[in-house]
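S.K.: Once you've had a glance at the structure underneath, I'll fire off some questions.
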Amino acid sequence: MTVIRKALAEDLPAMVDIYNQSVRQSAATFDLTPVTIEQRKSWFESHDQSQLFPLLVAERNGEVAGYASLSSYRDKEAYIRTVELSVYVDEAHQGYRIGKSLMEAILAQAKELNHHVVISGITKGNDKSIKMHEQFGFTFCGEFKEVGWKFDQWQDVLFYQLIL
């Protein structure tokens with residue numbers, strides 16, 4: 001059984017482990033070096049203290065199986081109702097609809113918080129993420145070519161948005 005809930009401080013080690021899977025194995029993040037719990041504390045606290053930028057975890061069989069966050073898209077005041085979405089799922093828990101459950105819950109929170117636009121940057125080739133975003137009504141709105149260098153090749157980033 002999967003439970004979606006607000007992230008707690010004690011979830012941070014598991015969230016760091018999940019994130020670092022992507023750092024090491026995928027181009028979903030452009031971090032090249034695994035992060036530490038200490039490095040991620042300020043990120044966690046910025047979500048924990050903000051009413052506008054929620055951070056949720058999916059718990060499956062008592063383990064943190066994934067997480068989703070809404071973050072500030074840009075620091076300029078006019079962007080206050082535009083947020084950037086991130087979803088990460090532990091490789092051991094993929095195939096159980098965790099990503100979709102997290103997406104559904106975080107988008108519901110985005111609506112409750114009166115956000116207007118949700119943006120996702122998806123590395124080209126991440127077809128599962130693209131398909132999931134499209135299933136939730138996101139539309140393709142642009143491509144930045146060769147903006148990241150990871151795994152000895154240039155990576156393109158596709159931008160998708162959902163107007164709530």
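The values are calculated or read from the model by the stated rules, or taken from the named source; none is laboratory data. Only a predicted model underlies this, so the values are computations on that prediction, with no experimental measurement involved. We place every Cβ from the backbone using ideal geometry, glycine too, and count neighbours over all the protein chains shown. Quick note on the areas: whole protein, heavy atoms, side chains included, nothing else; ligands and nucleic acids left out. Shrake-Rupley method; radii C 1.70, N 1.55, O 1.52, S 1.80 Å.
S.K.: Of everything in segment 1-20 that's open to solvent by less than 70 Å² (accessible area, probe 1.4 Å) and in contact with a Pro (Cβ under 9 Å, 6 or more places away or on another chain), which residue is farthest from residue 70 (Cα to Cα)?
M.R.: Residue satisfying both the conditions and the ranking: 20.
S.K.: Residue 80 passes all but one of (1) touching a Ser or Thr at 6+ places or on another chain (Cβ under 9 Å); (2) open to solvent by less than 20 Å² (accessible area, probe 1.4 Å); which number fails?
M.R.: The failed condition is (2).
S.K.: Turning to a different aspect of this structure: Name the one entry in 92, 65, 27 that is over 17 Å from the mean Cα position of the chain (by Cα) and either at pLDDT below 95 or among the hydrophobic types (A, V, I, L, M, F, W, C) (or both).
M.R.: On the way: 65 fails: over 17 Å from the mean Cα position of the chain (by Cα); 27 fails: over 17 Å from the mean Cα position of the chain (by Cα).
Of 92, 65, 27, the one residue that is over 17 Å from the mean Cα position of the chain (by Cα) and either at pLDDT below 95 or among the hydrophobic types (A, V, I, L, M, F, W, C) (or both) is 92.
S.K.: Search segment 122-131 for residues being more than 11 Å from residue 87 (Cα to Cα), of a type outside the set (Asp, Glu) and outside any loop (DSSP other than H, G, I, E, B), and hand back the single one that is modelled with the lowest pLDDT. Steps first, please.
M.R.: Of all residues in segment 122-131, those more than 11 Å from residue 87 (Cα to Cα) come to 123-128, 130-131.
Now narrow it down to the ones that are of a type outside the set (Asp, Glu): 123-126, 128, 130-131.
Still in the list and also outside any loop (DSSP other than H, G, I, E, B): 123, 128, 130-131.
On the way: 123: 97, 128: 93, 130: 97, 131: 97.
Result: 128.
S.K.: Tell me whether segment 133-149 contains one or more residues that are among the hydroxyl-bearing types (Ser, Thr, Tyr) and in contact (Cβ under 8 Å) with a residue 40 or more places away in the chain.
M.R.: From segment 133-149, those among the hydroxyl-bearing types (Ser, Thr, Tyr) are 139; that's our starting set.
From what is left, the residues that are in contact (Cβ under 8 Å) with a residue 40 or more places away in the chain are none.
No, every residue in segment 133-149 fails to be among the hydroxyl-bearing types (Ser, Thr, Tyr) and in contact (Cβ under 8 Å) with a residue 40 or more places away in the chain.
S.K.: May I ask you to list the residues in segment 30-52 that are within 21 Å of residue 104 (Cβ to Cβ) and either at pLDDT 95 or above or assigned to a helix (DSSP H, G or I) (or both)?
M.R.: Listed by number, the list holds a single entry, 47.
S.K.: I need the full set of residues from segment 93-111 which are without any contact (Cβ under 8 Å) to a residue 12 or more places away in the chain and in a helix (DSSP H, G or I), in order please. Talk me through it step by step, then tell me what you get.
M.R.: The initial filter retains those residues of segment 93-111 that are without any contact (Cβ under 8 Å) to a residue 12 or more places away in the chain, namely 94-95, 108.
If the condition is that a residue be without any contact (Cβ under 8 Å) to a residue 12 or more places away in the chain and in a helix (DSSP H, G or I), then 108 is the only one that fits.
S.K.: Sticking with this one: Residue pairs, Cβ under 6 Å, 6 or more apart or interchain, first in segment 112-124 and charged (D, E, K, R), second open to solvent by less than 20 Å² (accessible area, probe 1.4 Å). List them.
M.R.: Between residues of segment 112-124 that are charged (D, E, K, R) and residues that are open to solvent by less than 20 Å² (accessible area, probe 1.4 Å), the close pairs are 124/158.
S.K.: Do you know which residues across segment 87-135 are among the small types (Gly, Ala, Ser), surrounded by fewer than 20 Cβ atoms within 10 Å (Cβ to Cβ) and farther than 25 Å from residue 63 by Cβ?
M.R.: Within segment 87-135, 121, 125 meet the criteria.
S.K.: If you don't mind, another one. Quick check on segment 47-69: of everything there that is open to solvent by 50 Å² or more (accessible area, probe 1.4 Å) and touching a residue at least 24 places away in the same chain (Cβ under 8 Å), which residue is nearest to residue 83 (Cα to Cα)?
M.R.: Our first condition is that a residue be open to solvent by 50 Å² or more (accessible area, probe 1.4 Å); within segment 47-69, this holds for 48-49, 51, 59, 61-63.
From what is left, the residues that are touching a residue at least 24 places away in the same chain (Cβ under 8 Å) are 48, 51, 59, 61, 63.
Values: 48: 16, 51: 13, 59: 24, 61: 30, 63: 27 Å.
Per the stated criteria, the residue is 51.
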